[in-house]
Amino acid sequence: MNKNLTRVAVCVGIFLCSGCWTRTNIYAGYGTNLKDSYTIYPTVELDIAAVTEEEANEIKNLTVEGYFTNDTLRKSLYPYTMQFSKEQTVPDEMDRDIEQWDKWEEKDPTHIVLIADMPRVIEAKKEKAIPGVTEKDPRINVFELTSSWFWPRSHYFEIKPGRLVRIKSKPIDPEDEAKERAKIEAEEKKKAEEQAKEEKKEQQQQQAKAKRKAERKRCRTRRCKRMADD
């Protein structure tokens, strides 16, 4: 009985650590400070694909422009493409059940590649290039696709100025943060206006009270004068 249970456990473990577990969800979205760098939200086209080691090495040596102008290479990867713009700031998800995974698994992929077609950012201070060494394009991210019991089933990326960055949690819509700030500012403005209104009302009441007091004083003065004349 124990031997049978062990065999079942081993089989289940092998199954879970096999191809099924190589699939992964990818979440990507704008970084919260992106608009500050570009003035507006830049249009971004993000290709994601599971690739072989040979394909991964080829992409590592490319620039984004070199990849997106190579129609043959791009089509051969069957990429899943995300689109972001000023009208589309909501984070997107590449689900592990998309049809592209069936195509990718036919070639036993070893890596995941993400290539973001977005404007470069010219850095004020740039290290001197090393002769003969190809500079890595920060808009391209390549990581190993691993079959493991403890391997995370979801990976998260943020589109930052001129680069694609891996993060630890789901990206958020930067407009949600902007809306929240606007809401807080509107509430603070309303509160300030109400406070100013109350202060003005109190000031008017004090002025009216002072006016009535002065009027009573004048009345008493007039009565005293009449009594003296009499």
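With a Förster radius of 30 Å applied to the C-beta separation of residue 166 and residue 71, the computed FRET efficiency comes to 0.60. With each label modelled as a point 7 angstrom along the Cα→C-beta vector, the residue 198-residue 36 pair spans 3.4 nm.
Counting 0.36 nm for each residue step from residue 117 to residue 63 and taking away their Cα separation leaves a gain of 18.5 nm.
What the range 21-80 shows is 46 Å² of accessible area per residue, with the surface traced by a 1.4 Å probe over protein heavy atoms. Extension gain, residue 110 to residue 83, is 7.2 nm, computed as 0.36 nm per intervening residue step minus the present C-alpha separation. For the set 102, 108, the ranking by accessible area, highest first and with no ligand, DNA or RNA atoms included, is 108, 102 under a 1.4 Å probe. One chain, two ends: residue 45 and residue 216. Fully extended at 0.36 nm per residue, the span grows by 53.7 nm beyond their Cα-Cα distance. Computing FRET efficiency as 1/(1 + (r/R0)^6) for residue 135 and residue 190, where r is the C-beta to C-beta distance and R0 is 35 Å, gives about 0.10.
With 30 Å as the limit on Cα-Cα distance, the pairs of 107/136; 160/189; 35/60; 190/217 that go past it are 160/189; 190/217.
The values are calculated or read from the model by the stated rules, or taken from the named source; none is laboratory data. Keep in mind that what you see is a predicted model, and the values were worked out from it rather than measured. Here Cβ is always computed from backbone atoms with ideal geometry, including for glycine, and neighbour counts include all displayed protein chains. For the accessible areas, the whole protein counts, side chains as well, though only heavy atoms, and no ligand, DNA or RNA atoms are used. Shrake-Rupley method; radii C 1.70, N 1.55, O 1.52, S 1.80 Å.
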